[in-house]
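Read the structure below first, then the notes.
The values are calculated or read from the model by the stated rules, or taken from the named source; none is laboratory data. Quick caveat: nothing in here was measured; it's all calculated off a predicted structure. Glycine also receives a Cβ, built like all others from the backbone with ideal geometry; neighbour counts cover every protein chain displayed. Ligands, DNA and RNA are excluded from the accessible area calculation, which covers all protein heavy atoms including side chains. Shrake-Rupley method; radii C 1.70, N 1.55, O 1.52, S 1.80 Å.
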Amino acid sequence: MTEPEVQPLLEPREGIPPVIEDPAALTAAVQAFARGTGPVAVDAERASGYRYSGRAYLVQLRRAGAGSALIDPVPCRDLTALNDALGDAEIVLHAATQDLPCLAELGFRPRRLFDTELAGRLLGYERVGLGTMVEVVLGLRLEKGHSAADWSTRPLPEAWLRYAALDVEVLIELRDVLYAELEATGKLEWALEEFAAILAAPTAPPRSDPWRRTSGIHRVRTLRGLAVVRELWTLRDEIAQAADLAPGRVLPDSAIVQAALDQPRTTKALTDIAPFTGRSARRHLREWLSAVTRARSMPDVELPQPVGPGDGPPPANRWADRDPVAAKRLAAARAVVAALADEHRMPTENLLQPDAVRRLTWEPPADLSEEAIAVRLRELGAREWQIALTAHPMAKALERLEIKGEV
């Protein structure tokens, strides 16, 4: 039996809508979407890898009775009126956690959510990118060639606008099929709980010492070298933010790490590190060298110190040496989660967050009853459906280890 042929989706059914760039056009779109019915498909395009900020540079919407709309959020920076007009309409996003922050900056904060990517994960789809999901579920092929484009470009090319309009063209149809599958498999309430948790999640606090995430920093073995990384990373961040450029476009991480290893004393030595001769980096050679010199002459008491233990358990690969008993608990818990995930056809990380499994087994409650495990999982952020599936078998597995005298 041959599989049905996949049909390419080449044009929006009503054509490419005009880009909304002024208050009058935005007001008309708000009114049209308020009159529409049913869920609202939403997508946002950013300029990741090009710009410093994570702001949206295009917002796409589609709703039955309203058609599609493309909003330029550069001149139309406030979508509060649209948010208010839609009320508690279900907003359909794909990979919602990627777009919700930039939409919130515009005053668009959904009250109800359907995330087609997360629904696909819960249903056991092996690949959950939007293009793949649309192809597998609806038999349509989306053009995905512009996903990594610089969406801060103005004017936006027609091909990009066509791509953007198509991204919401069939999102509601995809949602409808996935909704029915969730219902048929008994997973709908699980999905709704997950969607609500996404909307209720607090804004993540700023990272402590973000410079420590410089790619390749593990190669820097001295405190003085770490100081060079910190000084160069901080300077790069200031330059990138002022110019609204992605930091990697100002100076790549590889250059920061190499400078930390070489600790150059002259401009010539600095430019021997090839990335410092790039167009953006070359403009700031004197500043880069000053940052390295500052780190080289810094008093020892001001040097950054190695990272101490965090508030959670150590990396799992160290458990066998640090705490063999905890390592056995972790192996037992992971086996439970893996078996349940296989039974319910979903990734283990969606059945129960790996961090929750690690924290539970590193410092388990004194009472290994199902009730105590459930309380601890709830404290660790597990949803009720996850607790209902995992607390009992997890408690049994840990109790078996205790009875056998292995813990």
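Just name the residue that is farthest from the chain's Cα centre (by Cα) out of those in segment 71-119 that are surrounded by fewer than 19 Cβ atoms within 10 Å (Cβ to Cβ) and hydroxyl-bearing (S, T, Y). Step by step, filter segment 71-119, then rank; the result is T80. Looking across segment 363-383, just one residue is assigned to a helix (DSSP H, G or I), of a type in the set (A, V, I, L, M) and open to solvent by 50 Å² or more (accessible area, probe 1.4 Å), and that is V375. For segment 254-283, a residue qualifies if it is in contact (Cβ under 8 Å) with a residue 12 or more places away in the chain, within 20 Å of D237 (Cβ to Cβ) and open to solvent by 40 Å² or more (accessible area, probe 1.4 Å), and the qualifying residues are S254, Q258, P275.
Quickly run through segment 139-173 and pick out the residues that are of a type in the set (A, V, I, L, M, F, W, C) and surrounded by fewer than 17 Cβ atoms within 10 Å (Cβ to Cβ). Give the derivation first.
Step one: of segment 139-173, the residues of a type in the set (A, V, I, L, M, F, W, C) are 140, 142, 148-149, 151, 156, 159-161, 164-166, 168, 170-172.
Across segment 139-173, the qualifying residues are A148, A159.
L360 falls short on exactly one of the conditions (1) aliphatic (A, V, I, L, M); (2) in a helix (DSSP H, G or I); (3) open to solvent by 20 Å² or more (accessible area, probe 1.4 Å), and that condition is (3). For the residues R230, R236, R221, R212, the requirement of being loosely packed, with under 14 Cβ neighbours inside 10 Å and either among the basic types (K, R) or in contact with a strand residue (DSSP E or B) (Cβ under 9 Å, 6 or more places away or on another chain) (or both) singles out R221.
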